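Okay, structure first, notes after.
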Amino acid sequence: MSEQVEKTVELHSSVGAGMTAPLWATLTATFFYIGKLKPGPGTWGSAATVIIWYGLTRWIPFHSQTAVAILLALAVVAIGIPAATRVAQAYQRKDPQFVVIDEVAGQLITLIAIPITWKSLLAGFILFRGFDILKPPPVRSLERLPDGTGIVLDDVAAGILAMIVMQVLRHFGFLA
C-alpha cells in the first residue's frame, strides 16, 4: 500500500486505543466517506442513495428494477452489518453518526417496486428519513441488537415501513 493511502487509512480509521477499522469497513460503513458530511450524515447517505438509484434505473429495464433493488438491498445489508460492526468497535461507539450504510440499505428498501419519478423519489426520501428519525415501534427496539446488526436492522425496519406506505400511496394513485 502506498504511503499516502496508509496515512489516509490511519487518519480516518484510527482511535486513541490503537484499534483501527479496515479500509474496506471504513469505506463501506461511511458509504465512501459520505457519512463524514455535515450536517446530518444520515440525510446525506439517504440523498446519495436516491441519486445513485435514479442513475442506475436509467440503465435497468423497468421490469428488472424491483429484483435489482432487492438484490442491492440484500448485498448492502450483508456487507453493511460486518462493516458497521468493525467501525463501531474501532471507534468504541454503539452507533457512530458517520456510519451511514444503514441509511443506504433502508433507503433502497423504501424504493423497491416503485416507478421512478421525481414525486416517488421525494416521497420515498421523506418517508424513510421520517421513519428513521422517529423510530416508531418496533424500529427502536432493533437498535438494542448487538454491534452492526442493531445499527443496520433498525434502518431496514424503517425502510420496510416506508416501503409499505409507498405501496399504499401507489395503490391509491398518489404515486405514478
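The values are calculated or read from the model by the stated rules, or taken from the named source; none is laboratory data. Just so it is clear, the model here is predicted, and its values are computed rather than measured. Reconstructed Cβ throughout: ideal geometry from the backbone, glycine too, with neighbour counts over all protein chains shown.
Key figures
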| item | result |
| --- | --- |
| Filter pass, Leu127 being surrounded by fewer than 19 Cβ atoms within 10 Å (Cβ to Cβ), farther than 16 Å from Thr66 by Cα and hydrophobic (A, V, I, L, M, F, W, C) | no |
| Candidate set from region 100-142 (those that are small (Gly, Ala, Ser), part of a helix (DSSP H, G or I) and touching a residue at least 24 places away in the same chain (Cβ under 8 Å)); member that is nearest to Ala29 (Cα to Cα) | Ala105 |
| Only one of Gln89, Gln97 that is assigned to a loop (DSSP other than H, G, I, E, B), over 11 Å from the mean Cα position of the chain (by Cα), surrounded by fewer than 17 Cβ atoms within 10 Å (Cβ to Cβ) and touching a residue at least 24 places away in the same chain (Cβ under 8 Å) | Gln97 |
| Residue within region 15-30 that is buried (at least 21 other Cβ atoms within 10 Å of the Cβ) and modelled with pLDDT under 95 present | yes |
| Lone unmet requirement of (1) in a loop (DSSP other than H, G, I, E, B); (2) free of Cβ contacts under 8 Å to residues at least 60 places away in the same chain; (3) buried (at least 22 other Cβ atoms within 10 Å of the Cβ); (4) of a type in the set (Val, Ile, Thr) for Ile60 | (3) |
| Among the candidates Ala83, Ala113, residue that is on the phi > 0 side of the Ramachandran plot and touching a helix residue (DSSP H, G or I) at 6+ places or on another chain (Cβ under 7 Å) | Ala113 |
| Residues of region 147-173 that turn out to be more than 15 Å from Glu103 (Cα to Cα) and free of Cβ contacts under 8 Å to residues at least 40 places away in the same chain, as a count | 6 |
